[in-house]
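The values are calculated or read from the model by the stated rules, or taken from the named source; none is laboratory data. Everything numeric in this text was worked out from a predicted model, so none of it was measured. Here the Cβ positions follow ideal geometry from the backbone for every residue, glycine too, while neighbour counts run over all protein chains shown. These area figures cover heavy atoms from the full protein model, side chains too; ligands, DNA and RNA do not enter into them. Shrake-Rupley method; radii C 1.70, N 1.55, O 1.52, S 1.80 Å.
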Amino acid sequence: MITVKGKAAFGGIVIGKVKEFSKEKNVVRRTKITDVQAEYTRFEQAREIAIEQLGKLYDKAVKEVGEANAAIFEVHQMMLEDDDYLDSVKNMIETQMVNAEFAVATTGDNFASIFSEMDDDYMKERAADVKDISERVIRVLSGVDESKSLTESEEEAFIIVADDLAPSETIQLDRSKVLAFVTRQGSTNSHTAILARTMNIPALVCTKLDYDVDGRLAVVDGNSGKIILDPDDETIASYEKLLKEEKERKELLLRLKGKKTVTKSGKEIKLYANIGGVKDVGSVLQNDAAGIGLFRSEFLYLQSDTYPTEDEQFAAYKTVAEMMAGKKVIIRTLDIGADKQIDYFDLGKEENPALGYRAVRICLDRPDVFKTQLRALYRASAYGNIAIMIPMIISLWEVQKAKELAEIVKTELKKEGLPYGEVEFGIMIETPAAVMMADELAKEVDFFSIGTNDLTQYTLAIDRQNAKLDMFYDSHHPAVLRMIQMVIDSAHRNGIWAGICGELGADTTLTETFIKMGIDELSVSPAMVLPVRDKVLGTE
Ligand code: PEP
Ligand code: MG
């Protein structure tokens, strides 16, 4: 039994046979031509066929993964219309008198290396795209039959292992014949990974799989990001148990997917999901959440060795907004400090970190860091339905200051001609001070989201990290429940909505209580969306 780690692009577990997919390398030879015009016409014809093929892939993708995710094929079509790209091919054919295949391959390689050296993750990803389109044109030039997909001749479903997969190869897969895919290269932000998520296929990328894997039995665990080759009986049994649980969840899904989350008396609850990053969006869609109620943006910072740039953040927020295709995406601004320490922030040692330099306090003290994030958020808002939410508020001035910085950012973007959309601006209520100030705070914002994890910690004076205090920790403590009621009442008195995004929101023994209190929104982990919907449907 061999376990190999990879990066999970999309969760889920499968057990099955592996099929190694090795691409036939199009070996492109350089040959001398004599008729430049004829060669350029050959290229033009191949380019047109490639654009047509991409149009078909776009239509297929729109049906299977939606317009926003299909857009990559339009981008590929546009790349084949790009003047710089075309000039380079033409120039090589003319000046070097070489065949079209060679001119396309060299241009593709040159452009790919320019993209991959750019200091921007989004642009780096474009290297794979330009290679993909160039290979497509070369295949057309060499007369390769494009209609065959990887899965066409297969009877059974299997786990695909490949060095890498292009978006066009991924979308052509027959979903019913693919259990999972595992690539040795690729990144979790690549379009291939995004497609896998939307197609609901467990996927691992960057997997150091230096073995002969074809035909071997394997378990792909997309939840913890690993592939286990030749699993022993015990491993198979434990994964079969997990699969059974997953099956039960899927049955619930079949029963509840597509249904509105409404009580028997007709009140609709916004049932959203909590995520830590782009890789979780697939399970949000899979579990049919109506939106994202808490995107913990600090994970972008935690996963990085240095401050994530505006462009890096923009790419992540934009991807999530696009994948959610118009559904609400509430992104919480940086919430570090306390249990989430990041070396490069150099926060220093504190006696009481939970009561210390954290979250909005850092953002207001370091407006450079905060403004970078706000710029990325507003820029991404042009691509979907983004809302901004500020954590750890205790005072009115903090909200006013944050809004002031948001206005400055919007003015800057307008001046620079960068578009942004309508953005709801809300705050988390997770300190007793915010609860007591809720009436005043409500006048400044569009919504409240109650962070019951911290609200419980600060109300009960119990460190949420300290396991020794478990016997004192009562998550249903009346003090906390009364505070939740106060917050909902304040919100409604002031014409805004209130939700819960802390763990308590997923406690189905309290769903009925929250509905009676008048809660408008519940944001829970993706796996809890359907159990909570089930509960709401059964409540008066
Ligand atoms: C909370 O405090 O309830 C919350 C949702 O935020 P976090 O758990 O990330 O502090
Ligand atoms: Mg919190």
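Worth pointing out:
Per-residue answers, yes or no, for (1) in contact (Cβ under 8 Å) with a residue 24 or more places away in the chain; (2) more than 19 Å from ASN110 (Cβ to Cβ); (3) open to solvent by 20 Å² or more (accessible area, probe 1.4 Å):
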{"site": "ARG47", "(1), (2), (3)": "yes, no, yes"}
{"site": "ASP59", "(1), (2), (3)": "no, yes, yes"}
{"site": "GLU64", "(1), (2), (3)": "yes, yes, yes"}
{"site": "ASN69", "(1), (2), (3)": "yes, yes, no"}
{"site": "GLU74", "(1), (2), (3)": "no, yes, yes"}
{"site": "GLN77", "(1), (2), (3)": "yes, yes, yes"}
{"site": "LEU80", "(1), (2), (3)": "yes, no, no"}
{"site": "ASP83", "(1), (2), (3)": "no, no, yes"}
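- Answer residue from segment 421-448, given it is closer than 19 Å to ALA273 by Cβ and more than 10 Å from ligand 2 (Cβ to nearest atom) and is surrounded by the fewest Cβ atoms within 10 Å (Cβ to Cβ) among those: GLU424
- Looking across segment 354-365, the residues that are closer than 16 Å to GLU430 by Cα and either modelled with pLDDT of 95 or more or not small (Gly, Ala, Ser) (or both) come down to LEU355, TYR357, ARG358, ALA359, VAL360, ARG361.
- Of the residues making up segment 412-423, one or more are touching a Pro at 6+ places or on another chain (Cβ under 9 Å) and more than 16 Å from ligand 1 (Cβ to nearest atom).
- When segment 496-511 is filtered for residues that are of a type outside the set (Asp, Glu) and either in contact (Cβ under 8 Å) with a residue 40 or more places away in the chain or within 12 Å of ligand 1 (Cβ to nearest atom) (or both), the ones remaining, listed by number, are ILE496, TRP497, ALA498, GLY499, ILE500, CYS501, GLY502, LEU504, GLY505, ALA506.
- Check on ALA9, of a type in the set (A, V, I, L, M), under 27 Å from THR192 (Cβ atoms), open to solvent by less than 30 Å² (accessible area, probe 1.4 Å) and outside any helix (DSSP H, G or I): yes
- Checklist (1) within 16 Å of ligand 2 (Cβ to nearest atom); (2) among the basic types (Lys, Arg); (3) over 25 Å from LYS279 (Cα atoms) applied to LYS340, failing item: (3)
- Residue within segment 132-148 that is surrounded by 19 or more Cβ atoms within 10 Å (Cβ to Cβ) and farther than 25 Å from ASP174 by Cα present: yes
- Residue match in segment 477-486 (condition: modelled with pLDDT of 95 or more, surrounded by 16 or more Cβ atoms within 10 Å (Cβ to Cβ), closer than 18 Å to LEU504 by Cβ and among the β-branched types (Val, Ile, Thr)): yes
- Residues in segment 491-508 that are open to solvent by 10 Å² or more (accessible area, probe 1.4 Å) and assigned to a helix (DSSP H, G or I): 5 in all.
- Across segment 288-309, the number of residues qualifying as touching a residue at least 60 places away in the same chain (Cβ under 8 Å), surrounded by fewer than 24 Cβ atoms within 10 Å (Cβ to Cβ) and under 23 Å from LEU504 (Cα atoms) comes to 2.
- So LEU522, is it modelled with pLDDT under 95, within 26 Å of GLU245 (Cβ to Cβ) and either surrounded by 22 or more Cβ atoms within 10 Å (Cβ to Cβ) or small (Gly, Ala, Ser) (or both): no
- Per-region count, segment 310-360, residues in contact (Cβ under 8 Å) with a residue 24 or more places away in the chain, loosely packed, with under 15 Cβ neighbours inside 10 Å and within 16 Å of ligand 1 (Cβ to nearest atom): 1
- If only residues of segment 237-286 that are open to solvent by less than 30 Å² (accessible area, probe 1.4 Å) and in a loop (DSSP other than H, G, I, E, B) are counted, the one that is farthest from LYS328 (Cα to Cα) is THR263.
- Of all residues assigned to segment 468-483, none qualifies as being part of a helix (DSSP H, G or I) and touching a Lys or Arg at 6+ places or on another chain (Cβ under 8 Å).
- Residue in segment 371-391 that is small (Gly, Ala, Ser) and open to solvent by 40 Å² or more (accessible area, probe 1.4 Å) present: yes
- Total residues in segment 424-474, condition within 15 Å of ligand 1 (Cβ to nearest atom), charged (D, E, K, R) and under 30 Å from the mean Cα position of the chain (by Cα): 3
- Among the residues of segment 31-45, those that are aliphatic (A, V, I, L, M) and in contact (Cβ under 8 Å) with a residue 40 or more places away in the chain comprise ILE33, VAL36.
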